[in-house]
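Student: Got a structure here, written out as structure tokens. Questions coming.
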Amino acid sequence: MSTRFDPRSLPGGRRIQTDVDFDPSAAVPADTPIAGRAMVVVVTDRLDEREDSIGPLVTELLEEEGFLVGGVVGVASDESEVRKALETAVVGGFDFVVTVGGTGVGPRDITPEVTEEILDQRLPGIAEAIRSSGLTAGAVDSIVSRGLVGVSGSTVVANLAPSRAAIRDGMATLCPLVSYVVAQLSAIDEL
């Protein structure tokens, strides 16, 4: 099944990198296990400064864990833009959506509030594991992050803080746990 996604359809959305209409069999060798299809949403008001570093970093980390990354989309820290990006990913059938940014305590940090609105179930243990691991790694923005992790439909949604340390540490903690949840959700879908 192929999902067509055009980030330009997002209100104010900017295309960073996307390859959503892809053939998974051509993307990886047949004997390589696939953890699922993923999408990255970069939330920031300074997109031009971060688009070249955050998207590729998260993509690389996801691919190392066996996820096929179908797109990286940048949106402003605006409630409607973040919601539209998340809803598009869920409706598009992605297994995993990682948002990066907008998780702090500033007045424009609204990613957790928007994420909570679309979640069917929260997975607070995973969010706390990310914060705990961030403490050990010294990623201050990860420690004070209000980021959530949960499930919307059959899509796992996770919010990460935007520093490179928080992303690297958060993905190392997050990916094995998300792979487990995605496998559970896939089993339910097959019933």
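Coordinate-derived values only; no laboratory data. Quantities reported herein were computed from a predicted structural model and do not represent experimental measurements. A quick note on method: Cβ atoms are made from the backbone with ideal geometry, for glycine too, and the neighbour counts reach across all protein chains shown.
Student: Measuring from a point 7 Å past the Cα of LEU135 along Cα-to-C-beta, which residues in the stretch 144-180 have an amide N at less than 11 Å?
Tutor: 144
Student: For the stretch 133-181, take every pair of Cα atoms, bin their distances at 5 Å starting from 0, and report each bin as a whole percent.
Tutor: Pair shares across the bins are 5, 23, 30, 22, 13, 5, 1.
Student: What distance in nm separates the simple spin-label points at GLU60 and ALA165, each placed 7 Å from Cα in the Cβ direction?
Tutor: The two pseudo-label positions are separated by 1.9 nm.
Student: Could I have the simple spin-label model distance between GLU116 and ILE34, label points 7 Å from Cα toward Cβ, reported in nm to one decimal?
Tutor: The modelled label-to-label distance comes out at 3.5 nm.
Student: Also, quick follow-up: Expressed in nm², what is the orientationally averaged projection area of the convex hull enclosing the Cα positions of the stretch 62-191?
Tutor: Details: hull surface 29.4 nm².
Hull-based average projected area comes out at 7.4 nm².
Student: Restricting to DSSP loop positions (anything but H, G, I, E, B) with no more than 16 other Cβ atoms inside 10 Å of their own Cβ, which trypsin sites (Lys or Arg not before Pro) remain in the stretch 101-191? Please report the intermediate quantities before stating the final value.
Tutor: Working: sites: ARG108, ARG122, ARG131, ARG146, ARG164, ARG168; in loops: ARG108, ARG146.
When the trypsin sites (Lys or Arg not before Pro) of the stretch 101-191 are filtered for loop state and at most 16 Cβ neighbours within 10 Å, ARG108 remain.
Student: What is the percent of Cα-Cα separations in the stretch 80-145 that go past 17 Å?
Tutor: Working: 1023 of 2145 pairs.
Of all Cα-Cα pairs in the stretch 80-145, 48 percent lie more than 17 Å apart.
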